[in-house]
Structures are given as C-alpha cells and as structure tokens.
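The values are calculated or read from the model by the stated rules, or taken from the named source; none is laboratory data. Please read these numbers as outputs of a predicted model, since none were measured by experiment. Positions of Cβ are generated from backbone atoms using ideal geometry, with glycine treated the same way; all protein chains shown enter the neighbour counts. Side chains are part of the model used for accessible areas, which takes the heavy atoms of the whole protein and leaves out ligands, DNA and RNA. Shrake-Rupley method; radii C 1.70, N 1.55, O 1.52, S 1.80 Å.
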Amino acid sequence: MLFAVPAFAQKVDVKKAFKQADAQTMLMLKEIEKAKATTKNDQVSPRTLEKGNLKLVASRDWTSGFFPGELWFLYEYTGKQTWKDQARAFTAAIEQEQFNGKTHDMGFKVYCSVGTGYRLTKDEHYKTVIIQSAKTLATRFNPKTGVIRSWDHSTDKWVNPVIIDNMMNLELLFEATRLTGDSSFYKIAVSHANTTMKNHFRTDYSSYHVIDYDPNTGAVLKKNTHQGYSHESAWARGQAWALYGYTMCYRYTKDPAHLKQAEGVAAFILNHPNMPADLVPYWDFNAPEIPKEPRDASAAAVIASGLYELSGYSTRKNLYLQKADKMLNSLSTKYISPAGENKGFILVQSTGSKPSDSEVNVPLSYADYYYLEALLRYKAIKR
C-alpha cells in the first residue's frame with residue numbers, strides 16, 4: 001500500500017467547533033418541541049430535514065439513538081448539567097428498543113445513546129439495558145451463516161441479507177461480554193466480523209453493501225449494493241462503516257486480521273483517485289457525474305472518527321492523523337451549518353440514499369454524531 005504523507009497536519013479548532021455545536025443543538029431542542037406539536041406522540045429524535053422541515057423519527061428508526069448520543073458528547077466536552085439532563089431524557093425514549101428483535105440496528109439505537117451514557121455515568125440501569133439489548137440482537141444470529149441477519153424487509157430481493165453497516169452493531173456485543181463475562185456475545189461478534197471479511201470485500205478492500213446468504217447452508221446467493229451507484233461500485237458510507245467497524249473490532253479482539261482489514265479499507269479510501277482534495281467523499285466513489293455528484297459529510301465524519309482510533313493501533317499513525325485532521329478541518333469549516341439555520345443540525349451536505357432520491361444533500365443526525373465523536377477523539381490524542 002503506497003501513501004503520500006502530507007508534510008504538515010491541519011489543526012482543528014475544537015473549542016470553536018463545540019461552541020457552534022452547542023448553539024446549534026440548543027436551537028435543535030426548541031425545533032424538536034415545535035415539531036412534536038404537529039407529529040405523532042412516538043416521534044422522539046431528529047433525523048434530517050425534509051423539504052426544509054425537521055423530520056422526527058420513532059425509537060424504532062435506526063437513527064433514533066444518534067441525537068441522544070450527541071447530547072452525551074456535548075456533556076462530555078462541556079461538563080454542563082443541562083446537557084446531561086437532556087441526554088438522560090432523550091436516552092430514556094430509546095430504551096424500549098432493548099426488546100425490539102425485528103431489526104439489527106441495536107448498536108446504532110441503543111449503544112450510541114445508552115452505551116455512551118453508561119460510559120460517562122456508569123449508571124447501573126444503563127448497564128442492564130445494554131445487556132438486554134445484546135441478548136435481543138443475538139437472536140438474529142444464525143450459526144449456519146455465521147452472521148447476524150440485517151433486514152427482515154425486501155423479501156422479494158433477498159432471502160437473508162447482511163449489510164456492511166451491521167459491523168457497527170458489534171460493539172454492543174463486545175461490551176456485553178465485557179460487562180457480564182458471558183463469552184457468547186463476543187463469539188457472535190467475531191463470527192460476524194470474520195464471515196463479513198470473507199464475503200463482503202473485493203480484492204482492493206472495497207466493500208459490497210448487501211450480501212445475501214442461504215440461511216440453511218450459509219452459501220452466498222448475491223453480492224449487491226443498495227444505497228450506492230451500482231452493485232460493483234464503492235458506496236462511500238459503506239466503506240466508512242467498514243473502516244470504523246474493523247478498527248473497533250481490533251480494539252476488542254487484537255486479531256491482526258482485523259487490523260489488516262481496517263488498514264486495507266483505509267488505503268482504498270485514502271488512495272482513491274476520486275477522493276476530493278478536502279477529503280469529504282462523493283456519495284459513491286464510482287458515481288458517474290463526479291465532480292458534479294453530491295458529497296457525503298456523514299461518510300467523512302465516520303471515516304475521520306475511525307482513523308483517529310486506527311492511528312492508535314497502526315504503524316501508519318502519522319498518516320492517519322494527518323488525513324483525519326484534514327477531513328475534520330474540512331467538516332468544521334466548509335460543511336458546517338450557518339448559525340441559527342437548518343433547524344439546529346450541525347453539519348450540512350450529507351447523502352442518505354441517492355438511488356432512492358432520499359435525503360440527498362441534507363443534514364443527517366448520524367453525520368453530527370460521528371463529527372462530535374471525531375472532535376472528542378482529536379482532542380484526546382496526545383501529539
């Protein structure tokens with residue numbers, strides 16, 4: 001893997017970035033109250049803007065846990081009791097998901113909210129929710145395929161689909177083993193990571209989005225990309241999930257194969273000829289109209305956060321720090337919401353699913369979540 005190492009690193013103004021995030025999130029809280037007056041009672045978290053209006057979602061939505069996580073991050077940085085109180089309130093609205101076995105998104109929903117709260121407070125109640133959530137997620141594991149099933153929908157397209165995003169839910173399982181001593185959660189997570197490593201990736205370390213398995217034999221039936229440009233393209237956020245996911249797996253397993261996988265994915269992303277100079281990728285690395293295609297700030301935020309962690313494990317530490325710093329600097333200067341705009345979202349220019357013409361070039365809650373996490377990781381690294 002060949003890398004061009006920049007001669008200098010870009011500094012990120014964390015204080016300024018959190019000041020902007022603090023102000024925007026105060027606005028968001030007001031906008032949420034306004035939106036709740038005109039929506040169903042089960043709408044608990046902000047997801048995006050739809051025709052300029054704030055879109056709230058129910059706790060069952062895969063994005064529901066990100067805003068509570070953002071509130072915890074603001075509390076972590078500022079120490080303000082206000083953010084802690086708001087984080088507890090919004091987290092409480094997600095806790096019922098610990099029993100929802102109809103989805104694989106348990107990590108996104110519960111670990112980003114309850115898990116972050118537990119890390120900062122060591123609240124025994126949160127610990128109980130994490131463990132129950134892991135038990136629920138484990139029911140979706142099939143020993144014959146070696147993976148956790150992702151979607152129950154789209155049965156006309158796939159029999160037993162597994163998406164690369166599912167790597168992000170393994171942290172919940174790893175933590176459940178750490179909290180309980182029950183190794184069954186750890187074993188499921190490792191099986192899923194290793195099977196995904198075997199079947200989801202091309203020789204250049206780019207990842208498919210969806211792999212369909214025969215639930216009875218474990219045979220691979222299809223290799224597809226659902227939210228990217230084509231089945232053989234590299235959907236940007238999918239590559240981000242892969243980088244972050246295998247870095248996180250290495251944290252728990254210390255398996256050199258997981259580190260190698262993360263480094264391989266990082267090489268694919270950072271060396272790609274279609275990666276823009278500011279390191280905020282287009283929504284798909286192979287989108288046909290580059291450079292006219294929409295960017296995906298959410299992918300950049302996930303990649304930056306992942307690179308900061310990866311820098312702590314890899315001999316390529318300096319390279320990863322320099323690239324992450326440039327990415328985070330771009331997000332905090334060029335992709336930031338103007339003060340008082342966008343209903344309180346922090347970042348702009350993310351892309352949810354362009355093939356579905358859904359959430360294109362809009363703010364997204366998960367972009368804000370991983371952006372704040374990346375800022376905290378930047379701040380924590382001794383240089």
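Just one of the listed residues (LYS382, LYS326) is more than 18 Å from the chain's Cα centre (by Cα) and in a loop (DSSP other than H, G, I, E, B), and it is LYS382.
Every residue in segment 176-205 that is in contact with an Asp or Glu (Cβ under 9 Å, 6 or more places away or on another chain) and surrounded by 15 or more Cβ atoms within 10 Å (Cβ to Cβ), please. Explain how you work it out, then say what you get.
First, pick out the residues of segment 176-205 that are in contact with an Asp or Glu (Cβ under 9 Å, 6 or more places away or on another chain): 176, 185, 189-190, 193-194, 202, 205.
Once the filter is applied, which keeps residues that are in contact with an Asp or Glu (Cβ under 9 Å, 6 or more places away or on another chain) and surrounded by 15 or more Cβ atoms within 10 Å (Cβ to Cβ), segment 176-205 yields ALA176, PHE185, ALA189, VAL190, ALA193, ASN194, TYR205.
Looking at segment 143-152, is at least one residue outside any loop (DSSP other than H, G, I, E, B) and open to solvent by less than 20 Å² (accessible area, probe 1.4 Å)?
Yes, segment 143-152 contains at least one residue that is outside any loop (DSSP other than H, G, I, E, B) and open to solvent by less than 20 Å² (accessible area, probe 1.4 Å).
Checking THR315 against (1) touching a helix residue (DSSP H, G or I) at 6+ places or on another chain (Cβ under 7 Å); (2) in a loop (DSSP other than H, G, I, E, B), which single condition isn't satisfied? All conditions are met except number (1).
Between LEU74, LEU49, which is surrounded by fewer than 21 Cβ atoms within 10 Å (Cβ to Cβ) and either among the aliphatic types (A, V, I, L, M) or closer than 18 Å to LEU364 by Cβ (or both)? Give the derivation first.
On the way: LEU74 fails: surrounded by fewer than 21 Cβ atoms within 10 Å (Cβ to Cβ).
Only one candidate passes the filter, namely LEU49.
Is it the case that segment 179-190 has a residue that's outside any loop (DSSP other than H, G, I, E, B), of a type in the set (Lys, Arg) and under 30 Å from LEU74 (Cα atoms)? No; the residues of segment 179-190 include none that is outside any loop (DSSP other than H, G, I, E, B), of a type in the set (Lys, Arg) and under 30 Å from LEU74 (Cα atoms). Looking at segment 61-77, which of its residues are assigned to a loop (DSSP other than H, G, I, E, B) and either free of Cβ contacts under 8 Å to residues at least 24 places away in the same chain or out of contact with any Cys (no Cβ under 7 Å at 6 or more places or on another chain) (or both)? Residues satisfying the conditions are ASP61, TRP62, THR63, SER64. Among the residues of segment 292-313, which ones are more than 19 Å from LYS11 (Cβ to Cβ) and either among the acidic types (Asp, Glu) or in contact with an Asp or Glu (Cβ under 6 Å, 6 or more places away or on another chain) (or both)? Passing the criteria: GLU293, ASP296, GLU309.
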